[in-house]
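For reference, the structure is listed below as structure tokens.
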Amino acid sequence: MNRTESALKLQQIIDEVENRDASFQAVCAVLVQVLLRVLAAETTVLSSAISLTHKNKLDGMCREVRELIDILAPFVPGGPHMPIRPASESSWWYSLSEATHVVEESAEQLSAVVAKQEKRAKLRNMAARVVSLLRDHYNNLLAESQSWLDDFSD
């Protein structure tokens, strides 16, 4: 299976990290926990998708997140811990709104991690790569919401 562009870029950054010390492991752990939270939210939207097109798009988004988790997980001491996932939402709109919020909040949280790292540092680049992916996902979810609202108002 071919890796996504985000996964390839993240792997390239990790391959260039020379010192995989406690700081590196801590950043990996934070990234994995955030990505697990996003994956749980996006999976909920996927399970309540109302069209095949939407389902395919969300499936691709979830795959991207899973790939990043798979790349980072070996560097997390004790392994990643899945967040407690709430019961699946039957309402597509509610799960979409919730996922949009989770992704936006996660991108903001990781932006703080990026800001605390030295410019051009590999750890900063790792976190920035994940933030970039989250912003793309946020924009996709927001566009889906807007499209639905436009269709609803017509």
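Spin-label model, Arg3 to Asp15: label points 7 Å out along the Cα-to-beta-carbon direction sit 0.7 nm apart. The smallest convex shape that holds all Cα atoms of the stretch 5-153, its convex hull, gives 104 Å³ per residue. In sequence order, the stretch 109-116 has phi-based couplings of 4, 6, 4, 5, 5, 4, 4, 7 Hz under the Karplus curve 6.51 cos²θ - 1.76 cosθ + 1.60, θ = phi - 60°, and Gly or Pro positions carry x. Net charge in the neighbourhood of Lys122 (other residues with Cβ under 9 Å of its Cβ; Lys, Arg +1, Asp, Glu -1) is 0.
Bear in mind these aren't lab numbers, they're just calculated from the coordinates by the rules spelled out. Please read these numbers as outputs of a predicted model, since none were measured by experiment. Cβ atoms come from the backbone with ideal geometry, glycine included; neighbour counts cover every protein chain shown.
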